[in-house]
Amino acid sequence: NLRMALSSAVDRRAILDAVLELPWRIEACGVIPPEIPGFQGCGEVGFDYDLDAAAEYLAAAMAEMDVEDAGDITLQLWFNRGNEEVIEAVEEQWETNLGVNVNVVNMEWGAYLETLDICND
């Protein structure tokens, strides 16, 4: 439920238009981009930007985690160089739209992969 809340709380159109300044691009809703065979389109897979749905998913997640206030949830958002503007936009949207805390962690690619390996042990 938390992942569905996070996905539903990101306005991808705003990121394309205002952050990346690529208004001609199509928002991504799944893992396969529009130019690649197998693209299913928004509404078919993934979660569209929907703050009402995000609030419902968040409430369900909070109940599962036995958390009373969204401000008690802290997320770590890891990324590597070159994505700062998008990451900052997602961080702001999650904090504003859901009320959760987000710690942004910038890692070099090699350190990121090592950290993932440690997490998978």
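The values are calculated or read from the model by the stated rules, or taken from the named source; none is laboratory data. Keep in mind it's a predicted model, so treat the numbers as computed, not measured. Cβ: placed from backbone, ideal geometry, glycine included. Neighbour counts: every protein chain shown. We work out accessible area using only protein heavy atoms, side chains counted, and drop any ligands, DNA or RNA first. Shrake-Rupley method; radii C 1.70, N 1.55, O 1.52, S 1.80 Å.
When ranked by the protection proxy of mean other Cβ atoms within 10 Å per residue, highest first, what sequence do the peptides 8-20, 80-92, 33-45 form? Write down the numbers at each step before the final one.
On the way: 8-20: 17.5, 80-92: 14.5, 33-45: 10.9.
Taking the mean over residues of other Cβ atoms within 10 Å, the ranking is 8-20, 80-92, 33-45.
Which of the listed residues, Val86, Ala61, Leu75, is farthest toward the dipole's positive end in region 60-107, when Lys, Arg count +1 and Asp, Glu count -1 at the beta-carbon?
Val86
Suppose every Lys and Arg Cβ carries +1 and every Asp and Glu Cβ carries -1, with no other charges. What dipole size does the chain come out with about its Cα centre, to the nearest 20 debye?
Its charge dipole is roughly 380 debye.
So, with a 1.4 angstrom probe, what is the percent of accessible area on the chain that is carbon and sulfur? Could you put the intermediate results ahead of the total?
Numbers: 3990 of 7920 Å².
Within the chain, the accessible surface is 50 percent carbon and sulfur.
Please report, for the Cα atoms of the chain, the Rg to one decimal and the Dmax as a whole number; what are they, in angstrom?
When restricted to the Cα atoms of the chain, Rg and Dmax are 15.5, 43 Å.
Mind checking the per residue accessible area of the chain for me, 1.4 Å probe, whole number of Å²?
Numbers: 7920 Å² over 121 residues.
That works out to 65 Å² per residue.
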